[in-house]
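Working notes, structure below.
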Amino acid sequence: MRKTISRRKFLKHGVGVGMTLANMSVLASQDNTTTEIDFPIADLHVHLSGQLSIEQSMQVAKDRGIKFGIVEHPGHNYKIKTNQDLKRYLDMLALHPVYKGIQPVYPKWRKAFSKELLARIEYVLMDAQTLPNPDGTFWRIWRSDTVVTNKEEFMDRYVDYFIQILTTEKLNILAAPFYLPRCIAQDFKTLWTPKRVQTIIDLAVKHHVAIEISESFRVPNAALVKLAKSAGAKFTFGTNSRHPKTAGRLDYCKAIIKKCGLTKKDLYLPTPLSDKKKVS
């Protein structure tokens with residue numbers, strides 16, 4: 001029987017596990033400039049784990065000179081299943097200078113929690129890598145053993161799910177956009193047609209959803225970031241890390257910042273709850 005693997009285990013070794021072949025050349029094409037980025041950046045995709053406690057994450061963030069956003073998965077098979085779980089999580093984060101996020105894996109996750117607790121979440125980050133199946137199960141396309149038999153049918157279904165979460169899930173950040181399973185990554189340019197790409201970018205802009213530049217999956221590439229920037233998209237950075245060695249290490253993201261000329265005005269940062277009355 002094939003051994004299963006969780007998202008957590010799949011990504012535990014950090015940066016680069018899911019890099020697509022189509023994007024490998026992005027960093028290689030960078031010059032060796034040492035120009036400093038003159039605005040603060042944050043890693044908004046950090047998970048706590050047995051290797052990375054909240055206290056350790058604070059020290060890592062301090063050492064790297066950036067701020068962290070902490071996220072956790074809600075839903076069955078994950079730590080946050082009930083109102084009590086969510087309250088405990090948010091109360092813990094409230095003791096530390098972090099952005100307080102959540103990363104749902106399944107649609108309609110909000111139904112399990114009270115409006116009062118949901119209002120305490122500062123941002124929602126979600127990817128499209130767990131596709132719902134017609135029978136109620138889910139296809140975890142981030143797994144290395146994913147097999148795609150019909151590429152065009154897969155892409156149609158994949159883009160439909162992007163559309164669903166962008167229009168119905170009240171997101172702040174779309175994580176790992178334009179990711180492809182390893183088995184079809186070599187066809188990145190042909191599968192991500194201009195129409196498919198533009199559909200996702202346009203919906204992200206329309207619904208005020210920031211596009212994550214993913215350190216772990218090396219997506220989007222510079223060409224897609226420039227296209228999204230020209231459409232008015234906002235961006236965030238994320239490692240999807242659970243380890244002190246990789247949390248906050250944003251080498252790919254910084255290279256994209258320089259290559260695409262991103263500035264502070266191109267970025268999205270969550271509004272801390274204490275400041276929301278001031279900006280509303």
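The values are calculated or read from the model by the stated rules, or taken from the named source; none is laboratory data. Values in this document were obtained by computation on a predicted structure and should not be read as measured data. When we count neighbours, we look across all protein chains shown, and the Cβ atoms used for this are built from the backbone with ideal geometry, even at glycine.
Read through the list (1) under 23 Å from Ile41 (Cα atoms); (2) out of contact with any helix residue (DSSP H, G or I) (no Cβ under 6 Å at 6 or more places or on another chain); (3) basic (Lys, Arg), then give the number of the only condition that Arg182 fails. Against the list (1) under 23 Å from Ile41 (Cα atoms); (2) out of contact with any helix residue (DSSP H, G or I) (no Cβ under 6 Å at 6 or more places or on another chain); (3) basic (Lys, Arg), Arg182 comes up short only on (1).
So in the range 53-82, with the set limited to residues that are aliphatic (A, V, I, L, M) and closer than 29 Å to Lys108 by Cα, which one is surrounded by the fewest Cβ atoms within 10 Å (Cβ to Cβ)? Filtering first and then ranking leaves Ile54. Taking first residues from the range 187-202 that are within 19 Å of Val148 (Cβ to Cβ) and partners that are surrounded by fewer than 16 Cβ atoms within 10 Å (Cβ to Cβ) and modelled with pLDDT under 95, the Cβ contacts under 8 Å between residues at least 6 apart in sequence or on separate chains come to Phe188/Leu21.
Note on the range 187-205: residues that are part of a loop (DSSP other than H, G, I, E, B) and farther than 23 Å from Ala255 by Cα amount to 1.
Every residue, every condition in (1) over 25 Å from Phe154 (Cβ atoms); (2) at pLDDT 95 or above; (3) crowded, with 19+ Cβ neighbours inside 10 Å; (4) out of contact with any helix residue (DSSP H, G or I) (no Cβ under 8 Å at 6 or more places or on another chain), yes or no:
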{"residue": "Pro194", "(1), (2), (3), (4)": "no, yes, no, yes"}
{"residue": "Thr246", "(1), (2), (3), (4)": "yes, yes, yes, yes"}
{"residue": "Leu250", "(1), (2), (3), (4)": "yes, yes, yes, yes"}
{"residue": "Ala255", "(1), (2), (3), (4)": "yes, yes, yes, no"}
{"residue": "Lys278", "(1), (2), (3), (4)": "yes, no, no, yes"}
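Scanning the range 170-198 for residues that are at positive phi and of a type in the set (Gly, Ala, Ser) returns a single hit, Ala176. Considering (1) in a helix (DSSP H, G or I); (2) at pLDDT below 95, the lone condition that Thr271 does not fulfil carries the number (1). Glu215 meets all of the listed conditions (1) out of contact with any strand residue (DSSP E or B) (no Cβ under 7 Å at 6 or more places or on another chain); (2) more than 13 Å from Ala233 (Cα to Cα); (3) of a type in the set (Asp, Glu) but one, namely (1).
Screening Lys189, Lys170, Lys151 for residues that are among the charged types (D, E, K, R) and touching a His at 6+ places or on another chain (Cβ under 9 Å) leaves exactly one candidate, Lys170.
Checked against (1) part of a helix (DSSP H, G or I); (2) of a type in the set (Ser, Thr, Tyr); (3) farther than 23 Å from Ile37 by Cβ, Tyr252 passes all but condition (3).
I'd like the full set of residues that are part of a helix (DSSP H, G or I) and either of a type in the set (Gly, Ala, Ser) or touching a helix residue (DSSP H, G or I) at 6+ places or on another chain (Cβ under 6 Å) (or both), limited to the range 206-228. Selection gives Ala222, Ala223, Val225, Lys226, Ala228. The C-beta contact set for the range 64-75 (first residue at pLDDT below 95, second residue surrounded by fewer than 18 Cβ atoms within 10 Å (Cβ to Cβ) and of a type in the set (Phe, Trp, Tyr), distance under 7 angstrom, 6+ apart or interchain) comprises Gly75/Tyr106.
Only one entry of Leu125, Leu95, Leu90 meets the criterion of being buried (at least 16 other Cβ atoms within 10 Å of the Cβ), over 30 Å from Ala185 (Cβ atoms) and at pLDDT 95 or above, and that entry is Leu90.
Checked against the criterion of being touching a residue at least 12 places away in the same chain (Cβ under 8 Å), among the aromatic types (Phe, Trp, Tyr) and farther than 30 Å from Leu95 by Cβ, the range 224-241 contains not a single residue that satisfies it. Taking the range 82-186 and the helices (runs of 4 or more DSSP H) fully enclosed by it, the elements with 3 or more residues that are more than 24 Å from Lys67 (Cα to Cα) and without any contact (Cβ under 8 Å) to a residue 60 or more places away in the chain are at 83-93, 151-168.
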